[in-house]
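The values are calculated or read from the model by the stated rules, or taken from the named source; none is laboratory data. Keep in mind it's a predicted model, so treat the numbers as computed, not measured. Quick reminder, even Gly has a Cβ in these numbers, built from the backbone with ideal geometry, and neighbours come from all protein chains shown.
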Amino acid sequence: MTQHSRASRPTRSAVNDHNAHFEHLVSDSSNDSNPLMIEYRLLYDEYCSLKHRVDLLDREKNSLKTKLSEKDRSLELSTRIDPMTGLANRRDIMEKIERELSRSERHGRTFSVMLVDLDNFKLVNDIHGYNDGDDVLVEVARVLRGCARNEDVCARWGGDEFLFLLTETNFDGALILANKVLESISMTEFKANRPIIRITASIGLCEYRVGQTIHDCLARTDQALRQAKQEGKNRFVVAP
(Lines give C-alpha, C1' and ligand atoms only; values in the text may rest on other atoms or scores of the structure.)
Protein backbone atom coordinates (compact mmCIF):
# COMPACT_ATOMS: atom_id res chain seq x y z
CA MET A 1 0.00 0.00 0.00
CA THR A 2 2.75 2.42 0.98
CA GLN A 3 4.81 1.61 -2.10
CA HIS A 4 1.77 2.11 -4.34
CA SER A 5 0.93 5.53 -2.88
CA ARG A 6 4.53 6.65 -3.25
CA ALA A 7 4.62 5.49 -6.86
CA SER A 8 1.39 7.37 -7.69
CA ARG A 9 2.49 10.64 -6.09
CA PRO A 10 2.75 13.33 -8.82
CA THR A 11 6.21 14.49 -9.71
CA ARG A 12 7.35 18.10 -9.32
CA SER A 13 7.29 18.42 -13.11
CA ALA A 14 3.67 17.24 -13.25
CA VAL A 15 2.67 19.72 -10.53
CA ASN A 16 4.32 22.56 -12.45
CA ASP A 17 2.47 21.52 -15.59
CA HIS A 18 -0.84 21.65 -13.71
CA ASN A 19 -0.03 25.08 -12.29
CA ALA A 20 0.75 26.39 -15.76
CA HIS A 21 -2.52 24.94 -17.07
CA PHE A 22 -4.60 26.55 -14.29
CA GLU A 23 -2.90 29.90 -14.75
CA HIS A 24 -3.48 29.81 -18.49
CA LEU A 25 -7.21 29.16 -18.06
CA VAL A 26 -7.60 32.00 -15.55
CA SER A 27 -5.72 34.53 -17.67
CA ASP A 28 -7.33 33.58 -20.99
CA SER A 29 -9.96 36.26 -21.68
CA SER A 30 -11.66 34.04 -24.22
CA ASN A 31 -13.10 32.10 -21.28
CA ASP A 32 -14.82 35.15 -19.76
CA SER A 33 -18.18 34.25 -21.29
CA ASN A 34 -18.17 30.88 -19.54
CA PRO A 35 -20.43 31.15 -16.46
CA LEU A 36 -18.20 28.71 -14.56
CA MET A 37 -15.15 30.98 -14.78
CA ILE A 38 -16.16 33.17 -11.83
CA GLU A 39 -16.18 30.19 -9.50
CA TYR A 40 -13.12 28.74 -11.22
CA ARG A 41 -11.12 31.93 -10.61
CA LEU A 42 -12.23 32.04 -6.96
CA LEU A 43 -11.05 28.48 -6.52
CA TYR A 44 -7.78 29.34 -8.26
CA ASP A 45 -7.22 32.28 -5.90
CA GLU A 46 -7.77 29.99 -2.92
CA TYR A 47 -5.38 27.48 -4.46
CA CYS A 48 -2.67 30.15 -4.91
CA SER A 49 -3.15 31.36 -1.35
CA LEU A 50 -2.89 27.82 0.01
CA LYS A 51 0.15 27.09 -2.16
CA HIS A 52 1.85 30.21 -0.83
CA ARG A 53 1.20 29.10 2.75
CA VAL A 54 2.50 25.61 1.94
CA ASP A 55 5.67 27.10 0.44
CA LEU A 56 6.22 29.21 3.56
CA LEU A 57 5.70 26.19 5.80
CA ASP A 58 8.05 24.15 3.66
CA ARG A 59 10.78 26.78 3.99
CA GLU A 60 10.16 27.00 7.73
CA LYS A 61 10.34 23.21 7.98
CA ASN A 62 13.68 23.15 6.18
CA SER A 63 14.99 25.94 8.39
CA LEU A 64 13.92 24.11 11.54
CA LYS A 65 15.43 20.88 10.20
CA THR A 66 18.76 22.65 9.68
CA LYS A 67 18.67 24.16 13.17
CA LEU A 68 17.77 20.80 14.66
CA SER A 69 20.71 19.16 12.89
CA GLU A 70 23.04 21.88 14.18
CA LYS A 71 21.74 21.44 17.73
CA ASP A 72 22.14 17.69 17.39
CA ARG A 73 25.80 18.12 16.39
CA SER A 74 26.33 20.59 19.24
CA LEU A 75 24.76 18.19 21.72
CA GLU A 76 26.96 15.33 20.52
CA LEU A 77 30.04 17.58 20.69
CA SER A 78 29.18 18.72 24.22
CA THR A 79 29.33 15.11 25.44
CA ARG A 80 32.91 14.85 24.14
CA ILE A 81 34.38 18.15 25.32
CA ASP A 82 35.62 19.10 28.77
CA PRO A 83 33.58 22.24 29.55
CA MET A 84 36.36 23.98 31.50
CA THR A 85 39.34 23.57 29.19
CA GLY A 86 37.69 22.94 25.84
CA LEU A 87 39.85 19.85 25.35
CA ALA A 88 38.52 16.41 24.55
CA ASN A 89 37.12 14.61 27.58
CA ARG A 90 37.85 11.12 28.89
CA ARG A 91 35.07 9.47 26.89
CA ASP A 92 36.18 11.01 23.62
CA ILE A 93 39.85 10.13 23.87
CA MET A 94 39.10 6.58 25.01
CA GLU A 95 37.00 6.01 21.89
CA LYS A 96 39.78 7.47 19.75
CA ILE A 97 42.37 5.24 21.43
CA GLU A 98 40.19 2.20 20.72
CA ARG A 99 39.95 3.16 17.05
CA GLU A 100 43.69 3.81 16.87
CA LEU A 101 44.40 0.43 18.46
CA SER A 102 42.20 -1.34 15.90
CA ARG A 103 43.89 0.52 13.06
CA SER A 104 47.34 -0.28 14.43
CA GLU A 105 46.52 -3.97 14.62
CA ARG A 106 45.17 -4.02 11.07
CA HIS A 107 48.05 -2.12 9.49
CA GLY A 108 50.93 -2.96 11.80
CA ARG A 109 51.43 0.64 12.90
CA THR A 110 52.25 1.89 16.36
CA PHE A 111 51.05 4.79 18.49
CA SER A 112 51.97 6.28 21.85
CA VAL A 113 50.12 7.72 24.81
CA MET A 114 51.44 10.36 27.16
CA LEU A 115 50.02 11.21 30.59
CA VAL A 116 50.82 14.69 31.92
CA ASP A 117 50.27 15.55 35.58
CA LEU A 118 50.94 19.01 37.05
CA ASP A 119 53.40 19.01 39.96
CA ASN A 120 52.17 20.19 43.36
CA PHE A 121 49.00 21.61 41.87
CA LYS A 122 47.21 21.33 45.22
CA LEU A 123 49.43 24.16 46.47
CA VAL A 124 48.12 26.42 43.69
CA ASN A 125 44.57 25.86 44.91
CA ASP A 126 45.57 26.22 48.58
CA ILE A 127 47.52 29.46 48.07
CA HIS A 128 45.60 31.20 45.29
CA GLY A 129 42.15 29.63 45.57
CA TYR A 130 40.18 27.28 43.36
CA ASN A 131 39.09 29.97 40.90
CA ASP A 132 42.68 30.87 40.11
CA GLY A 133 43.48 27.15 40.03
CA ASP A 134 40.79 26.65 37.39
CA ASP A 135 42.19 29.56 35.38
CA VAL A 136 45.63 27.95 35.47
CA LEU A 137 44.14 24.68 34.17
CA VAL A 138 42.59 26.58 31.27
CA GLU A 139 45.95 28.18 30.47
CA VAL A 140 47.72 24.82 30.75
CA ALA A 141 45.22 23.40 28.25
CA ARG A 142 46.08 26.24 25.87
CA VAL A 143 49.80 25.48 26.24
CA LEU A 144 49.26 21.75 25.64
CA ARG A 145 47.09 22.43 22.62
CA GLY A 146 49.90 24.54 21.20
CA CYS A 147 52.37 21.68 21.68
CA ALA A 148 50.27 19.04 19.93
CA ARG A 149 50.29 18.30 16.21
CA ASN A 150 47.08 18.48 14.23
CA GLU A 151 46.80 14.69 14.21
CA ASP A 152 47.32 14.32 17.97
CA VAL A 153 44.51 14.30 20.54
CA CYS A 154 44.90 16.07 23.88
CA ALA A 155 42.27 15.44 26.54
CA ARG A 156 41.63 16.40 30.11
CA TRP A 157 41.95 13.03 31.80
CA GLY A 158 40.71 14.28 35.18
CA GLY A 159 41.64 16.91 37.75
CA ASP A 160 45.08 18.22 36.79
CA GLU A 161 45.93 15.28 34.53
CA PHE A 162 45.99 15.45 30.74
CA LEU A 163 46.31 12.57 28.28
CA PHE A 164 47.79 12.69 24.78
CA LEU A 165 47.08 10.19 22.02
CA LEU A 166 49.97 10.39 19.56
CA THR A 167 48.78 8.69 16.38
CA GLU A 168 51.31 6.73 14.34
CA THR A 169 54.03 7.93 16.71
CA ASN A 170 56.82 5.75 18.04
CA PHE A 171 59.09 6.16 21.04
CA ASP A 172 61.33 8.80 19.37
CA GLY A 173 58.44 11.00 18.31
CA ALA A 174 56.87 10.82 21.76
CA LEU A 175 60.12 11.95 23.38
CA ILE A 176 60.20 15.07 21.22
CA LEU A 177 56.70 16.06 22.32
CA ALA A 178 57.41 15.23 25.99
CA ASN A 179 60.42 17.57 26.01
CA LYS A 180 58.38 20.27 24.31
CA VAL A 181 55.56 19.99 26.88
CA LEU A 182 57.92 20.09 29.87
CA GLU A 183 59.73 23.13 28.52
CA SER A 184 56.56 24.98 27.52
CA ILE A 185 54.87 24.52 30.91
CA SER A 186 57.93 25.38 33.00
CA MET A 187 58.59 28.55 30.96
CA THR A 188 55.02 29.85 31.08
CA GLU A 189 54.13 32.58 33.59
CA PHE A 190 50.58 31.65 34.50
CA LYS A 191 48.27 34.42 35.67
CA ALA A 192 50.78 37.07 34.59
CA ASN A 193 48.34 39.87 35.46
CA ARG A 194 48.47 38.78 39.12
CA PRO A 195 51.28 37.36 41.26
CA ILE A 196 53.10 35.05 38.87
CA ILE A 197 52.31 31.36 39.18
CA ARG A 198 54.93 28.96 37.88
CA ILE A 199 54.37 25.24 37.70
CA THR A 200 56.02 22.15 36.29
CA ALA A 201 54.71 18.79 35.14
CA SER A 202 55.64 15.13 35.26
CA ILE A 203 55.02 12.83 32.31
CA GLY A 204 54.61 9.11 31.73
CA LEU A 205 55.12 7.76 28.21
CA CYS A 206 54.14 4.45 26.66
CA GLU A 207 54.46 3.12 23.12
CA TYR A 208 51.77 0.63 22.19
CA ARG A 209 52.82 -3.00 21.90
CA VAL A 210 51.03 -5.30 19.49
CA GLY A 211 48.59 -7.52 21.36
CA GLN A 212 48.44 -5.23 24.36
CA THR A 213 45.07 -4.10 25.73
CA ILE A 214 44.16 -0.45 26.19
CA HIS A 215 43.98 -1.03 29.94
CA ASP A 216 47.52 -2.45 30.01
CA CYS A 217 48.86 0.39 27.89
CA LEU A 218 47.32 3.04 30.14
CA ALA A 219 48.44 1.19 33.27
CA ARG A 220 52.04 1.21 32.02
CA THR A 221 51.74 4.92 31.26
CA ASP A 222 50.42 5.65 34.73
CA GLN A 223 53.21 3.64 36.33
CA ALA A 224 55.79 5.61 34.34
CA LEU A 225 54.17 8.84 35.55
CA ARG A 226 54.39 7.69 39.17
CA GLN A 227 58.07 6.93 38.68
CA ALA A 228 58.64 10.44 37.28
CA LYS A 229 57.04 11.87 40.43
CA GLN A 230 59.18 9.70 42.67
CA GLU A 231 62.39 10.65 40.87
CA GLY A 232 61.91 14.36 41.54
CA LYS A 233 59.15 15.60 39.20
CA ASN A 234 59.50 17.99 36.23
CA ARG A 235 60.64 15.09 34.03
CA PHE A 236 59.33 12.24 31.92
CA VAL A 237 59.75 8.50 32.26
CA VAL A 238 59.21 5.97 29.49
CA ALA A 239 57.31 2.83 30.39
CA PRO A 240 59.45 -0.31 30.05
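Points to keep in mind about this one:
- Residue satisfying condition, being of a type in the set (Phe, Trp, Tyr) and under 21 Å from Ser104 (Cα atoms), within set Phe190, Phe164: Phe164
- Selection of segment 151-169 for residues being surrounded by fewer than 19 Cβ atoms within 10 Å (Cβ to Cβ) and small (Gly, Ala, Ser) yields Gly158, Gly159.
- Residue satisfying all of: in segment 153-200; acidic (Asp, Glu) and at pLDDT 95 or above; farthest from Asp92 (Cα to Cα) among these: Glu183
- Segment 212-240, residues that are more than 29 Å from the chain's Cα centre (by Cα), farther than 27 Å from Arg142 by Cβ and part of a loop (DSSP other than H, G, I, E, B): Glu231, Ala239, Pro240
- Scan of segment 152-168 for residues that are under 17 Å from the mean Cα position of the chain (by Cα), over 14 Å from Glu207 (Cβ atoms) and without any contact (Cβ under 8 Å) to a residue 60 or more places away in the chain, ordered by number: Asp152
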